[in-house]
Amino acid sequence: MHPSTLQISVARLRDEGLDIHLKLSEEWFARWQEEDPNLEFAGPGELAVQVHLERHGHDILVRGHLEGTLNLHCSRCLASFGLPVEADFDLLLAPGPEQLNEEEEELTRADLDRDFYTGETVNLESILREQVLLTLPLKPLCAETCKGICPHCGADLNQEPCQCPAEESTSPFGKLKNIKL
Ligand SMILES: [Zn+2]
Ligand SMILES: [Zn+2]
């Protein structure tokens, strides 16, 4: 999929709106990762996206659904795993300031919750990236029951228990016993 597929010309929006169906996979994730090296994906994911764009006066309504799998690192055991995600979104994009006369501009500035589109284009690429980021858990886990990595010897405790003394590796209070009063 060419990057320009996701730059939607406002002129394409007819009265009935515009429906877009996309599959985002390796190429899309690779481009994103390249432009944003801080991303913490373990690899490309797979997303099916449906978006409906519609004009509402000066504004553009963007209503969408995304569904698929993201590839993440578990925050406890560091293994990569596929996280199923699903999200609906509803955005109202106001025209960027340069498209409004002064009076309208003041109104828009007062309304800071709004997203904007600029020029004659809706940047669906950045909208979709933002929506994908919103689906990411703060602490991704491969499983709720993930035992993580032993802080002492580094063994993956999902594979097998390590040889560290049980109270030290599992109990957060283990160290208290060593404190001399
Ligand atoms: Zn894990
Ligand atoms: Zn250990």
Distance in nm between residue 13 and residue 90 label points, each 7 Å along Cα→Cβ, equals 1.7
Taking N as the residue count of region 32-73, its alpha carbon Rg divided by 2.2 N^0.38 Å gives 1.62
In Å, the Kirkwood estimate of hydrodynamic radius for region 1-77 over Cα pairs equals 14.4
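The numbers here are math on the coordinates, done by the rules we state, and not lab data. If you're wondering where the values come from, they're calculated on a predicted model, not measured in any experiment. Cβ atoms come from the backbone with ideal geometry, glycine included; neighbour counts cover every protein chain shown.
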